[in-house]
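Step one of this worksheet: look at the structure below.
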Amino acid sequence: MKNIFIIGGVIVLVLFGGVWWSKSLQSADQNVITAKGLHWHPHLEIYIQGKKLEIPANIGVGPQYAAKPTYDPGMRMTAVHTHTSDGVIHFEFGGVVRKEDTELSNFFRIWGKNFMELGSAVAMTVNGKENTELEKYQMKDGDSIVLRYE
């Protein structure tokens with residue numbers, strides 16, 4: 001009986017130690033923004049030769065996302081999506097979020113667009129300041145991103 005308690009104690013220690021070790025590896029990953037999920041709302045405006053392009057509602061929402069429900073299995077949506085056509089992008093992650101998850105290119109990929117297909121030259125401002133990161137820009141909560149294609 002004593003051996004069973006000892007073996008059980010060792011198993012519990014190994015399990016807890018493994019979980020701790022796994023968590024410590026995740027926190028050391030420079031590409032992880034958070035392991036606890038996030039809920040952000042950057043705003044995007046796109047102009048093509050001076051004319052505003054409406055960003056459609058429900059990008060990333062629909063039955064085609066049924067294989068990878070990342071936020072609401074009932075709604076079948078990606079963690080990065082839109083609900084309305086007002087340019088607000090919803091980031092609704094429930095777990096680990098990596099830097100590439102927040103890149104502007106990720107939103108374009110979900111939308112089904114190539115970042116450079118809207119024009120031959122593009123200028124970008126973020127919160128009123130010029131930004132040259134373009135599709136590699138890592139969006140943040142409350143960002144106001146403006147793309148101007150010529």
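In sequence order, what are the phi-derived ³J(HN,Hα) couplings for region 97-110 according to the Karplus relation 6.51 cos²θ - 1.76 cosθ + 1.60 with θ = phi - 60°, rounded to whole Hz, with x for glycine and proline?
Here the 3J(HN,Hα) series is 10, 9, 3, 5, 5, 9, 6, 4, 4, 5, 4, 4, 4, 5 Hz.
Among SER120, SER144, which comes first, second and so on when ranked by fewest other beta-carbon atoms within 10 Å? Kindly include the intermediate steps, with their values, before the conclusion.
Details: SER120 8, SER144 13.
Least crowded to most crowded, the residues run SER120, SER144.
Which of TYR149, TYR47 comes first, and how do the rest follow, when ranked by fewest Cβ neighbours within 10 Å? All intermediate terms of the calculation are to be shown ahead of the outcome.
On the way: TYR149 20, TYR47 17.
So the residues, fewest neighbours to most, are TYR47, TYR149.
Would you mind checking which residues have amide H under 5 Å from LEU44's amide H? H placed 1.01 Å from N; only 5 or more apart, or other chain.
VAL88, ILE89, ILE145
What list of ³J(HN,Hα) values in whole Hz, one per residue of region 111-117 in order, does the Karplus curve 6.51 cos²θ - 1.76 cosθ + 1.60 (θ = phi - 60°) give from phi, with Gly and Pro shown as x?
For region 111-117, the Karplus curve yields 5, x, 10, 8, 3, 9, 6 Hz.
Taking 0.36 nm per residue of separation and subtracting the Cα-Cα distance, what length does fully extending GLU100 through THR132 add? Each step should come with its number before you reach the end.
On the way: separation 32, 0.36 × 32 = 11.52 nm, distance 1.67 nm.
Gain on stretching GLU100 to THR132: 9.8 nm.
Roughly speaking, what % of Cα-Cα pairs in region 32-149 are separated by over 24 Å, rounded to a whole number? Walk me through the intermediate numbers first.
Working: 1529 of 6903 pairs.
Considering region 32-149, 22 percent of its Cα-Cα pairs are separated by more than 24 Å.
Do the alpha carbons of any pairs in LYS36/LYS113; LYS99/LYS129; LYS52/LYS136; LYS113/LYS136; LYS52/LYS140; LYS52/LYS113 sit beyond 18 Å of each other, and which pairs?
On the way: LYS36/LYS113 29 Å; LYS99/LYS129 21 Å; LYS52/LYS136 22 Å; LYS113/LYS136 15 Å; LYS52/LYS140 22 Å; LYS52/LYS113 16 Å.
Going by Cα-Cα distance, LYS36/LYS113; LYS99/LYS129; LYS52/LYS136; LYS52/LYS140 fall outside the 18 Å limit.
A short reminder: the numbers here are calculations on the coordinates, not readings from a lab. Treat the numbers as computed from the prediction; the structure is a model and nothing was measured. Cβ coordinates were reconstructed from backbone atoms using ideal geometry, including for glycine residues, and neighbour counts include every protein chain displayed.
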